[in-house]
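The values are calculated or read from the model by the stated rules, or taken from the named source; none is laboratory data. Remember, predicted model here, so these are calculated numbers, not experimental data. Methodologically, a virtual Cβ is constructed for each residue, glycine included, from the backbone with ideal geometry; neighbour enumeration extends over all protein chains shown. Ligands, DNA and RNA are excluded from the accessible area calculation, which covers all protein heavy atoms including side chains. Shrake-Rupley method; radii C 1.70, N 1.55, O 1.52, S 1.80 Å.
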Amino acid sequence: MSGQFESTVEIDRPVGEVFAYLADGRNDPQFSPRVQEISRTPDAPTGVGTVFRSTVKDAGMKTGREFRITGFEPEKLIRWTEQSKNLVTAEGGYDFEALPGGRTRVHIFNTLEGHGFGKLLVGLAVSAARKDAPDFGRRIKAAAEAAA
């Protein structure tokens, strides 16, 4: 079983700046309070094949996560897939659109999939993620605008 959540947000920064900020997954803790720590391998600019390893806290439990960048087109899109063996895993991305006045529209989406016992939990995870999606978008907006 799987389910998707998404959000779209407009950010008061040029698309190149927003793309660069979100491409560096090490910025995730600035807008995702569940991310406790994160690293990038290799320690080089992000591109297809880059892996981000993180420790996240969900429902009071810490888990390790590993995401590989599978799609990367500067100022257009970023795609990732989770390689971790967790009960619920994610696959998703960002789509970027330059707007007039040096603004950027970002469409954020993730598909959550349950594995084993996680098939019973994924519905709750998707429901919680959908409920948080507008706030998640607002946190990204605030963090990306503050970073510039």
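Which of (1) more than 27 Å from PHE19 (Cβ to Cβ); (2) part of a strand (DSSP E or B); (3) touching a residue at least 40 places away in the same chain (Cβ under 8 Å) does GLU113 not meet, given it meets every other one?
In the conditions (1) more than 27 Å from PHE19 (Cβ to Cβ); (2) part of a strand (DSSP E or B); (3) touching a residue at least 40 places away in the same chain (Cβ under 8 Å), GLU113 misses (1) alone.
So SER127 clears everything in (1) open to solvent by 50 Å² or more (accessible area, probe 1.4 Å); (2) under 21 Å from PRO14 (Cα atoms) except one condition, right? Which one?
All conditions pass for SER127, except number (2).
What strands (runs of 3 or more DSSP E) completely inside the range 32-100 contain at least 3 residues that are charged (D, E, K, R)?
Those strands (runs of 3 or more DSSP E) span 51-58, 61-73, 88-99.
Is it the case, given these coordinates, that ILE69 is among the hydrophobic types (A, V, I, L, M, F, W, C), free of Cβ contacts under 8 Å to residues at least 60 places away in the same chain and crowded, with 16+ Cβ neighbours inside 10 Å?
Working: among the hydrophobic types (A, V, I, L, M, F, W, C): yes; free of Cβ contacts under 8 Å to residues at least 60 places away in the same chain: yes; crowded, with 16+ Cβ neighbours inside 10 Å: yes.
For ILE69, the condition - among the hydrophobic types (A, V, I, L, M, F, W, C), free of Cβ contacts under 8 Å to residues at least 60 places away in the same chain and crowded, with 16+ Cβ neighbours inside 10 Å - is met.
Need the failing condition index for PRO134 against (1) in contact (Cβ under 8 Å) with a residue 60 or more places away in the chain; (2) assigned to a strand (DSSP E or B), just the number.
(2) is the only condition that PRO134 fails.
For the range 73-128, which positions are at pLDDT 95 or above and of a type in the set (A, V, I, L, M)?
Answer for the range 73-128, where residues must be at pLDDT 95 or above and of a type in the set (A, V, I, L, M): LEU77, ILE78, ALA98, LEU99, VAL106, ILE108.
Could you please find all residues in the range 130-148 being open to solvent by 40 Å² or more (accessible area, probe 1.4 Å), of a type outside the set (D, E, K, R) and touching a Ser or Thr at 6+ places or on another chain (Cβ under 9 Å)?
Selection gives PRO134 alone.
In this structure, does VAL51 turn out to be of a type outside the set (S, T, N, Q), surrounded by 14 or more Cβ atoms within 10 Å (Cβ to Cβ) and under 30 Å from PRO14 (Cβ atoms)?
Answer is yes for this residue.
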